[in-house]
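What follows is a set of notes on a single structure, which appears directly below.
The values are calculated or read from the model by the stated rules, or taken from the named source; none is laboratory data. Keep in mind that what you see is a predicted model, and the values were worked out from it rather than measured. Backbone-built Cβ (ideal geometry, glycine too); neighbour counts: all protein chains shown.
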Amino acid sequence: MRIGIDLGGTKIEGIILDQSGVVLEKIRIPTPGQDYQQILNAITSVVTELQSRAASRLSVGIGTPGSLSQVSNTMKNCNSISLNGQPLKADIETQLGYEIRLENDANCFALSEAHHGAGSGAHSVFGAILGTGTGGGIVINQQLLTGPNSIAGEWGHNPVPGSVLQLIEDERKCYCGRSNCIETVLSGSGMSQTHKERSKQSLTAMEIAKAAASDASARETLEIYCAHLAQCLSTVVNLLDPEVIVLGGGLSNIPLLYEMVPAQMSDYVFTDAMTTSLSPPSFGDASGARGAACLWPVGEGSDHERMF
């Protein structure tokens, strides 16, 4: 059994996961705003409570927004900005007294789906997050690929393909400081901006998806979004050629994506017949905690972590 923690912008979820992927215990509490010390205390309190429900000490994995710098051992690229520059992993280990593993939440999503979800049994899985932001994770033979810069899978901060630029009106500034990142088109706010450019209406992505059944303008925005997604995902297939792409985040709940995007991707992928499958997630927003638990392989870590 292993503990997995998902640190989100609004909630902290902790679980105990058994070796077959069954959740045995679950705790969910609100994330305490943007105060770093309060977030740190909340994480360790959830871990401590879960440990108290187990017969022996379990290994702990934590999924976070952003990632841990291999140079400074502090957090970087977090949209929860109070975490940036903080030694989150070291601070958690100091409070708990033993080693934990910490990874980007998109990596944890991909790992969860590769181990127990829509990518189970596949040699290669790309997990693509479509929500408040646009992130990704890569799993090969059920092993997470992170890279020396801890940014493997961060396709959301590649520039959008030129063919997508032709479909948007205005330059889009990204929070990372660059312009026209994939995230500015495929995130929820990106879809909203596309709709506003076209219709002058201000709707959220999920409002657009709901209205599409009866409103022609909303339907057209969704179809344009599918075209954007197909062209951006085709670059992933041309580079990684994964067996399965699993979509996560709030926008992964839009059925039209799975109806339209695979056929459109075939127009941009460098092959005669694309066999990569596009799948919805098996676990939704529960994947973060499940994947964090999977940062420790079954049988590794429990009662054997390095002490501090």
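Descriptive notes on the structure:
- Some residue of region 155-167 being in contact with a Ser or Thr (Cβ under 9 Å, 6 or more places away or on another chain), surrounded by 19 or more Cβ atoms within 10 Å (Cβ to Cβ) and closer than 27 Å to Val23 by Cβ: no
- Residues in region 90-99 that are among the aliphatic types (A, V, I, L, M) and in contact (Cβ under 8 Å) with a residue 40 or more places away in the chain were compared, and the one that is surrounded by the fewest Cβ atoms within 10 Å (Cβ to Cβ) is Leu96.
- Checked against the criteria, Ala114 counts as over 25 Å from Pro87 (Cα atoms), surrounded by 24 or more Cβ atoms within 10 Å (Cβ to Cβ) and either touching a Ser or Thr at 6+ places or on another chain (Cβ under 9 Å) or outside the structural domain of Leu251 (by TED's automatic domain parsing) (or both).
- Of all residues in region 241-251 being surrounded by 21 or more Cβ atoms within 10 Å (Cβ to Cβ) and of a type outside the set (A, V, I, L, M, F, W, C), the one that is modelled with the highest pLDDT: Pro242
- Close contacts from region 100-129, counting a first residue that is more than 15 Å from Leu278 (Cα to Cα) and a second that is among the basic types (Lys, Arg) and surrounded by fewer than 24 Cβ atoms within 10 Å (Cβ to Cβ), with Cβ to Cβ under 7 Å and a gap of 6+ residues or different chains, come to Ile100/Lys89; Leu102/Lys89.
- Odd one out for Gly136 among (1) out of contact with any strand residue (DSSP E or B) (no Cβ under 8 Å at 6 or more places or on another chain); (2) in contact (Cβ under 8 Å) with a residue 24 or more places away in the chain; (3) not assigned by TED's automatic domain parsing to the domain that holds Met75: (1)
- Residue list for region 18-60, restricted to those being in a strand (DSSP E or B) and out of contact with any Gly (no Cβ under 6 Å at 6 or more places or on another chain): Val23, Leu24, Glu25, Lys26, Arg28, Ile29, Pro30, Val60
- Exactly one residue among Leu229, Leu295, Leu257, Leu233 is buried (at least 18 other Cβ atoms within 10 Å of the Cβ) and part of a loop (DSSP other than H, G, I, E, B), and that residue is Leu295.
- Just one of the listed residues (Ala218, Ala273, Ala213, Ala230) is of a type in the set (Gly, Ala, Ser) and either on the phi > 0 side of the Ramachandran plot or touching a His at 6+ places or on another chain (Cβ under 9 Å) (or both), namely Ala218.
- Selected residue (only one of Ala110, Ala118, Ala114, Ala128 is assigned to a loop (DSSP other than H, G, I, E, B), among the small types (Gly, Ala, Ser), modelled with pLDDT of 95 or more and closer than 16 Å to Pro242 by Cβ): Ala118
- The residues in region 165-210 that are over 13 Å from His228 (Cβ atoms) and among the β-branched types (Val, Ile, Thr) can be counted, and the count is 2.
- Candidates Ser287, Ser277, Ser266 - the one that is surrounded by 15 or more Cβ atoms within 10 Å (Cβ to Cβ), at pLDDT below 95 and over 12 Å from the mean Cα position of the chain (by Cα): Ser266
- Residue that is surrounded by the fewest Cβ atoms within 10 Å (Cβ to Cβ) [pool: residues in region 74-88 that are under 17 Å from Ile12 (Cα atoms) and either of a type in the set (A, V, I, L, M) or in contact (Cβ under 8 Å) with a residue 24 or more places away in the chain (or both)]: Ile81
- Close Cβ contacts (under 8 Å, 6 or more residues apart or on different chains) running from residues in region 153-166 that are on the phi < 0 side of the Ramachandran plot and of a type in the set (Phe, Trp, Tyr) to residues that are surrounded by 23 or more Cβ atoms within 10 Å (Cβ to Cβ) and assigned to a loop (DSSP other than H, G, I, E, B) comprise Trp155/Ile182.
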